[in-house]
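Trainee: Sharing a structure, written as structure tokens. Questions coming.
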Amino acid sequence: MKHQDYRITILDQDSNPIGSKLRKDIDSVRDIVHVADVFVVQGKKLLLSRIPSLGLYPGRWSVSAMTMVREGEQVLTAAKRCLEKELGIVRGEVEILGEKFFRYSGGVQRHRTSFLCVCDEAISPNPDDVVEICFLSRHEIEKLLLSRRLDFSPTFFSLWDEYGEQILGR
């Protein structure tokens with residue numbers, strides 16, 4: 001089955017399921033969906049991924065991997081699925097960072113469950129999902145956020161503000 005043909009659960013503003021749609025029919029502004037985000041860390045560096053033209057924020061740097069949770073799928077299963085599909089990671093240890101509802105400019109709303117994956121295996125980005133990757137230290141990320149703010153997705157900003165200390169420490 002093609003990625004666009006999977007059913008995605010649609011949520012209300014309290015994150016309760018109210019229906020489902022095919023992935024290709026999701027309206028990025030009107031439909032609220034549950035998203036699994038995964039931050040990948042190797043050593044003291046965080047992996048960032050540049051989103052391809054098909055993403056919500058094309059060409060911007062964002063979380064290592066992310067996916068919409070499919071209908072009937074557990075969020076941890078979704079996180080592991082996207083790690084393998086987007087980055088080729090199959091052995092990394094995955095732990096939950098937190099779960100929260102986010103509202104972004106332009107009306108986009110998402111229920112997000114965020115994970116941390118610590119791994120030492122080679123990364124093999126899928127060119128259909130990831131245009132480019134880089135590993136950055138906390139200091140490098142914070143410096144770039146100040147000088148090149150438009151290069152990052154709003155998703156990354158909100159999740160970094162929420163979980164940055166948990167991901168790479170102080």
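Trainee: Can you confirm whether Glu140 is surrounded by fewer than 19 Cβ atoms within 10 Å (Cβ to Cβ), farther than 26 Å from Glu84 by Cα and of a type in the set (Asp, Glu)?
Mentor: yes
Trainee: When the residues of segment 65-90 are narrowed to those that are surrounded by fewer than 21 Cβ atoms within 10 Å (Cβ to Cβ) and among the polar types (S, T, N, Q), which ends up nearest to the chain's Cα centre (by Cα)?
Mentor: So the residue we want is Thr77.
Trainee: Can you tell me which residue is farthest from Gly164 (Cα to Cα) among those in segment 47-80 that are in contact with a strand residue (DSSP E or B) (Cβ under 6 Å, 6 or more places away or on another chain) and of a type in the set (Val, Ile, Thr)?
Mentor: Going through the qualifying residues, I end up with Val69.
Trainee: Among the charged types (D, E, K, R), open to solvent by less than 80 Å² (accessible area, probe 1.4 Å) and either over 21 Å from Asp129 (Cβ atoms) or in contact (Cβ under 8 Å) with a residue 24 or more places away in the chain (or both): is that true of Lys21 in this structure?
Mentor: No.
Trainee: Working only within segment 35-74, note down all residues that are of a type in the set (A, V, I, L, M) and out of contact with any helix residue (DSSP H, G or I) (no Cβ under 8 Å at 6 or more places or on another chain).
Mentor: Matches in segment 35-74: Val35, Ile51, Leu54.
Trainee: Check segment 135-153 and report whether any residue there is modelled with pLDDT under 90, among the hydroxyl-bearing types (Ser, Thr, Tyr) and within 19 Å of Pro58 (Cα to Cα).
Mentor: Yes, that holds for at least one residue.
Trainee: If I filter segment 37-58 for residues that are among the β-branched types (Val, Ile, Thr), in contact with an Asp or Glu (Cβ under 6 Å, 6 or more places away or on another chain), open to solvent by less than 70 Å² (accessible area, probe 1.4 Å) and assigned to a strand (DSSP E or B), do I get at least one hit?
Mentor: no
Trainee: Which of the residues belonging to segment 5-17 are outside any loop (DSSP other than H, G, I, E, B) and either loosely packed, with under 11 Cβ neighbours inside 10 Å or in contact (Cβ under 8 Å) with a residue 24 or more places away in the chain (or both)?
Mentor: Answer for segment 5-17, where residues must be outside any loop (DSSP other than H, G, I, E, B) and either loosely packed, with under 11 Cβ neighbours inside 10 Å or in contact (Cβ under 8 Å) with a residue 24 or more places away in the chain (or both): Asp5, Arg7, Ile8, Thr9, Leu11.
Trainee: Those residues that are β-branched (Val, Ile, Thr) and open to solvent by less than 20 Å² (accessible area, probe 1.4 Å), I need them from segment 91-106; list them, please.
Mentor: Within segment 91-106, no residue meets the criteria.
The values are calculated or read from the model by the stated rules, or taken from the named source; none is laboratory data. Treat the numbers as computed from the prediction; the structure is a model and nothing was measured. Using ideal geometry, Cβ is built from the backbone for each residue, glycine included, and neighbour counts are taken over all protein chains shown. The area values use the complete protein model at the heavy-atom level, side chains included, leaving out ligands, DNA and RNA. Shrake-Rupley method; radii C 1.70, N 1.55, O 1.52, S 1.80 Å.
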